[in-house]
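Report on one structure; see the data block that follows.
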Amino acid sequence: MTVPVDPMPPADAPRSATCDLCEAARITEWFFEDDLCWIAECEICATPMVVLRWHERDPDPAVKGALRDRLATVVTEHFTFDHYVDDHMRNIPDHYHAHARPIGGFFGHGLRRREP
């Protein structure tokens with residue numbers, strides 16, 4: 001049995017000088033970051049959002065799986081809601097990102113957080 005290896009960014013990972021997600025400005029609360037992604041509260045919908053570290057629209061399935069796993073871990077650690085992953089990229093369609101939306105909802109304003 002082989003153990004899956006976490007995907008790593010390509011050595012020549014592309015960036016865009018005009019992409020807000022490439023900029024990765026700390027506008028809202030950040031919950032997690034590593035070489036693959038960062039996860040923060042979306043400034044528009046207030047749900048946790050995972051963002052690929054490099055500028056790519058459609059990463060391979062292993063990368064998407066790792067991003068979804070990290071997002072699920074953040075939701076479990078910081079929030080009390082069940083979620084679904086929404087990776088329909090509405091406002092920034094050329095940089096992969098996905099939101100953890102509350103089941104039965106879309107926005108996250110007022111979502112309950114776990115006690116520290």
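Between helix 61-78 and the chain, what is the angle of the helix's C-alpha long axis to the longest principal axis, kept within 0 to 90° and rounded to the nearest 10? It is inclined by approximately 30 degrees.
Using 0.36 nm per residue and subtracting the Cα-Cα separation, the extra length available between Cys19 and Ala72 on full extension is 16.6 nm.
For Phe106, the shell of other residues with beta-carbons less than 13 Å away shows a net charge of +1, using +1 for Lys and Arg and -1 for Asp and Glu. The range 37-51 and the range 92-113 have Cα centres lying 7 Å from one another.
Counted by neighbouring Cβ atoms within 10 Å, the residues Thr28, Thr47 run from fewest to most as Thr28, Thr47. Paramagnetic label reach from Ile27 (point 7 Å along Cα→Cβ; backbone nitrogen cut-off under 14 Å): within the range 88-116, residues 90-93.
Values in this text are rule-based calculations from the coordinates and carry no lab data. The model shown is predicted, which means the values in this text are computed figures rather than measured ones. When we count neighbours, we look across all protein chains shown, and the Cβ atoms used for this are built from the backbone with ideal geometry, even at glycine.
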